[in-house]
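A.B. asks: Here's a structure for you.
Rule-based calculations on the coordinates, nothing more; no lab input. Because the structure is a prediction, the values reported are computed rather than measured. No Cβ is skipped: glycine too gets one built from the backbone with ideal geometry, and neighbour counts run over all protein chains shown.
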Amino acid sequence: GDVMFCGSVHEGGILRATGSIFILGNVEGIIHAGSGNDSMAVIAGNVSHAQQVRIADLVQVVSDEDYENRQKLVYVNDLHALDVADVTELKVIRPKIFTQNGGMI
């Protein structure tokens, strides 16, 4: 499922989830969201120092020009390619993330 990660992913480490990943710490390793081939998963957080970001079957090597040193949103766009936006665009890009069905209260 989805993961909210509070900590550090060191160089050579991998954080993998079948759903979306929300990062509140430092990342220097590899982040893989949607590992069960879920292309609707997103990665939100500061991934500017990560080695790679992966969503489903797509992989991108991180460069400073794309991610800067701020909170970013990585997602699969309509052309089935990884794209980057400000994290404030999450509700526009993936509105269904904010809906909840069932579950325990």
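A.B. asks: Kindly provide the Kirkwood hydrodynamic radius of the chain in Å, to one decimal, from all pairs of distinct alpha carbon atoms. Provide the component values of the computation, followed by the final result.
C.D. replies: Details: mean 1/r = 0.0734 Å⁻¹.
Across the chain, the inverse of the average 1/r is 13.6 Å.
A.B. asks: Using Cα-Cα distances under 8 Å and only pairs 6 or more residues apart, what relative contact order does the chain have, in percent?
C.D. replies: Working: 249 pairs, mean separation 18.9, N = 105.
Across the chain, relative contact order equals 18 percent.
A.B. asks: Right, next: With each label point set 7 Å from Cα along the Cα-Cβ vector, what nm distance links Gln52 and Phe5?
C.D. replies: In this crude spin-label approximation the distance works out to 1.4 nm.
A.B. asks: Turning to a different aspect of this structure: How big is the dipole moment of the chain about its Cα centre under a simple scheme where the beta carbon of each Lys and Arg is +1, that of each Asp and Glu is -1, and everything else is neutral? Debye, nearest 20, please.
C.D. replies: Details: 7 positive and 13 negative charges, 85 e Å.
My answer is approximately 400 debye.
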